[in-house]
Amino acid sequence: MTSPIPGLIIWPVLTGLTLVLAGRWWLLRDSIVDRIVNRALAACLLENLLRDALFQQSLAWLLPGEDSDVVNIARQLSLGATLLTISNIYGLAKLWTGADPAHTWRRQRRYYLVAISATAVILIVGTPARHADQLIDQALGWPAVVVCVAFSLPLGATALLLGRVSVGEMRAAGDTTWQERALCTAVLGTAVGLGIVAVAYPLGTIISVTTGQPSFDPEMHWQAWGAFLLSAVGAPATVTVPLISTLLTHIGWDRTGRYCRRLHPMWADLTAAVPEIVLETRRDHHGRTDPAIRLHRMTVEIRDSLLHLKRYSDSPDDLAATAGDPRIHARRISEAIATKAAGHPPSASRFTPRHQVRPGARDLTAELHELLALAEAWPHARRLTITIDHGPQPTRPQAGCADRADAPPARLPHSGDSSALQHC
């Protein structure tokens, strides 16, 4: 069948589908589920291209043989591409039911074999319609019934499996989120739509053949619109949501990435002052670190560095606590860094006994917000402390005695001076 959808609608949608597929192959191709979804999207793209009149004309110009034969083969192959999409959806549903992921590709090869066999039946039985330059529903006859049955059986099996899984999930849903309930509802709607097509398509054809009446949709327009809305609009819209989330995470525009960027200047200065607390972070095969892991490591390393810098502070009991005025706290931290950078030894009297150590906020969310407030005040405190002079004396001067004209100012270690910056 040739798609009745205007090119002004179908080509922007197909362009968007291509971009979604390219993005998923780039960012979401590691797990089994992602790879099956990507294959289903590729089959969707092929299915809609084979129905497009412009694409069919391009194939007729490129390939040898009669133009009508090439166009009709493309029309019938579009049904096979639909079955290929369905075979991937069936594989996803089997995983959803708890099938062993270790045997996924063995099962998937069987599903592909069913799709290929049904496509071969469609091409063989549809030969008279191609020779007559007609669609299968225009030629009708018992060959059309065979084609409808071969096409509808995989759709019906997939509809039954999807319906059973989605209904079971909705019944068992106790503390599920609204997103999960919405997904189950969408899957159930897809199952209902596939079930209607699987029943109505062969039933209508059988009635037309047995009664001698023409097909109620000889141009197969309603099937083309239904397939287009399901495969080129509905399914891509569902899988685009995780792609957008992954893309935002990849470029650091997600909330966790924004937190990391806000903490980075303070983290860089603290780890440059105390580089021994920085540990190597595992990265994936793309050289990336999960933002949540990176944020956790940054907060831990900020805490560890503050505990080390307590020995250089006038207020060691308060330095590792993030509560209070962040501007005063940031100033004390920057002064401790400047004291350490000036070469002064730590004060043994400033070690806090173990039983007096107070970890500060135990609520991780509250602690993160306190560190973010401290990071916001950090640039100003750092600029102020750069000009403080601690002098060459072995003991640290009292507050207010830092501005001497006969000694160079102590400088905070710059974030670019430490290899620890490569950690983030």
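Here, each number is a calculation from the coordinates, and none is a lab measurement. Please read all numbers here as calculations on a predicted model, not as lab measurements. For neighbour counting, all protein chains shown are included, and Cβ atoms are generated from backbone atoms with ideal geometry for every residue, glycine included.
Annotations
- Contour minus Cα-Cα distance for ARG109 and ALA172 (0.36 nm per residue): 19.6 nm
- Using R0 = 45 Å, the C-beta based FRET efficiency linking ALA53 and ASP290 works out to 0.45.
- Net charge, ARG164 excluded, C-beta distance under 13 Å - Lys, Arg +1, Asp, Glu -1: +1
- With a cut-off of 12 Å between beta carbons, the residues surrounding ASP133 carry a summed charge of -1, where Lys and Arg count +1 and Asp and Glu -1.
- Ranked by how many other beta carbons lie within 10 Å on average, peptides 335-344, 65-74 from highest: 335-344, 65-74
- Each residue of region 159-167 was assigned a 3J(HN,Hα) from its phi angle through the Karplus curve 6.51 cos²θ - 1.76 cosθ + 1.60 (θ = phi - 60°); the sequence is 5, 5, 5, 4, x, 5, 5, 5, 5 Hz, with glycine and proline shown as x.
- Extension gain from GLN134 to ARG164, taking 0.36 nm per residue of separation minus the Cα-Cα distance: 7.0 nm
- Nitroxide proxy distance, nm - points 7 Å out along Cα→Cβ at ALA186 and ILE116: 3.2 nm
- Sequence ranges 94-100, 192-198, ranked by mean other-Cβ count within 10 angstrom, highest first: 192-198, 94-100
- Where labels lie 7 Å past Cα in the beta-carbon direction, separation of TRP26 and LEU203 in nm: 4.6 nm
- Equivalent-ellipsoid semi-axes of region 51-132, from the Cα gyration tensor, Å, largest first: 33, 13, 9
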